[in-house]
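K.L.:
I have a structure here, written as structure tokens, and I will follow up with some questions on it.
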Amino acid sequence: MIKKPLSIFLMIVSSLSLACMGASVKYAGDIPLFQKVFMRDSIVVIVALIVLLYRRKNPFGHAENRMRLTLRGLSGFIGVTLYFYSVNQLLLADATIINKLSPFFTTLFAVLLLKEKIPRIQMPALILGLIGGIFVIKPQFSLETIPAFAGLLGAVVAGFSYAMVLNLTNKEDPFVVVFYFSFSSVILSLPIMIFTYSNPGIPIFVSLLLTGVFAAIGQITLTYSYKYSKTSDVSIYSYTLIIFSLIIGYIFWNEIPDYLSMTGGVLIIISSILVYISYKIKKNKQAN
């Protein structure tokens with residue numbers, strides 16, 4: 001009986017942690033991008049490795065799944081890099097809203113690559129979510145929109161990344177997926193970081209460490225949230241990330257998104273609620 005409330009609580013903790021991760025990235029300011037990515041994922045790698053060794057699991061998973069895990073790692077690295085870039089250039093809330101388009105792209109890639117079917121009731125929700133993204137990005141022929149489009153590309157890549165592991169849920173330990181993703185990011189970012197390394201002061205170094213700490217907490221609580229309840233029951237609560245990012249951006253940087261961004265964020269949240277309702281309707285029909 002307590003599993004679903006616990007799952008919801010863990011999802012909200014995950015959202016708060018990931019919002020704090022974004023704030024830590026933003027606070028680090030002009031520190032080279034790949035140095036931020038390396039610091040984030042090196043800490044996540046250590047945490048995931050400790051968990052897997054404790055469980056006596058192979059961190060690199062089963063041989064038959066490694067191609068999909070590798071694609072997940074490569075695409076995840078690209079997605080995180082683009083997201084960090086957008087966080088540095090945009091309002092924290094705007095970057096977060098754009099990044100939360102990734103579930104919509106996951107659905108599209110699941111249809112294209114995994115031949116899954118989208119219930120008709122979800123189609124308006126997907127369209128509404130993408131319209132919300134357009135409101136936030138505010139596309140125009142200007143260099144000022146590059147960070148927004150980078151964030152959108154990051155959401156697309158993240159959507160592909162999640163689609164790559166949809167059918168690994170019952171085949172690999174979730175921490176194997178987390179380890180593989182973060183390990184790939186560490187390996188790929190390390191050579192660039194070496195050549196662009198900037199020696200941070202103590203406050204910035206602490207913020208870089210917190211980037212990894214918050215990322216690890218966010219990943220772990222997200223993993224256990226999905227463990228204790230079905231994805232369709234708790235994924236809606238992941239959108240509290242937008243609210244937390246809005247609050248943190250206002251408190252620390254006095255950031256207030258414009259009315260178009262706020263409208264886009266509301267549309268994306270409404271679309272996610274519609275998807276949630278469609279899952280509930282489908283579940284009730286199957287139960288009857």
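K.L.:
Here's a check for you: in the range 36-79, which residue that is aromatic (F, W, Y) and under 18 Å from V165 (Cα atoms) is modelled with the highest pLDDT?
P.N.:
F77
Listed here are the residues, each with its yes/no results for (1) assigned to a helix (DSSP H, G or I); (2) surrounded by fewer than 21 Cβ atoms within 10 Å (Cβ to Cβ); (3) modelled with pLDDT of 90 or more.
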residue: Y224; (1), (2), (3): yes, yes, no
residue: S232; (1), (2), (3): yes, yes, no
residue: I236; (1), (2), (3): yes, yes, no
residue: E255; (1), (2), (3): no, yes, yes
residue: S261; (1), (2), (3): yes, no, yes
residue: G264; (1), (2), (3): yes, no, yes
residue: I273; (1), (2), (3): yes, yes, no
residue: I277; (1), (2), (3): yes, yes, no
residue: K282; (1), (2), (3): yes, yes, no
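K.L.:
When you look at S185, is it surrounded by 14 or more Cβ atoms within 10 Å (Cβ to Cβ), over 25 Å from T107 (Cα atoms) and either of a type in the set (A, V, I, L, M, F, W, C) or in contact with a helix residue (DSSP H, G or I) (Cβ under 9 Å, 6 or more places away or on another chain) (or both), yes or no?
P.N.:
Criteria not met by S185.
K.L.:
Considering each of V25, V87, V80 in turn, give the residue that is crowded, with 24+ Cβ neighbours inside 10 Å and within 21 Å of S235 (Cβ to Cβ).
P.N.:
Unique residue meeting the criteria: V80.
K.L.:
With G154, G159 as the choices, which residue is modelled with pLDDT of 90 or more, under 21 Å from M21 (Cβ atoms), small (G, A, S) and crowded, with 17+ Cβ neighbours inside 10 Å?
P.N.:
G154
K.L.:
Within the range 198-222, restricting attention to residues that are among the polar types (S, T, N, Q) and surrounded by 19 or more Cβ atoms within 10 Å (Cβ to Cβ), which residue is nearest to S7 (Cα to Cα)?
P.N.:
Of everything passing the filter in the range 198-222, T221 is nearest to S7 (Cα to Cα).
K.L.:
Evaluate the following for F214: is it farther than 18 Å from A28 by Cβ, part of a helix (DSSP H, G or I) and in contact with a Leu (Cβ under 9 Å, 6 or more places away or on another chain)?
P.N.:
Answer is no for this residue.
K.L.:
Okay, next question. Could we say that F195 is of a type in the set (A, V, I, L, M, F, W, C), out of contact with any strand residue (DSSP E or B) (no Cβ under 6 Å at 6 or more places or on another chain) and exposed (fewer than 15 other Cβ atoms within 10 Å of the Cβ) here?
P.N.:
yes
The values are calculated or read from the model by the stated rules, or taken from the named source; none is laboratory data. The structure presented is a predicted model; accordingly, all values stated were derived computationally and were not measured. Every residue, glycine among them, receives a Cβ derived from its backbone with ideal geometry; neighbour counts consider all protein chains shown.
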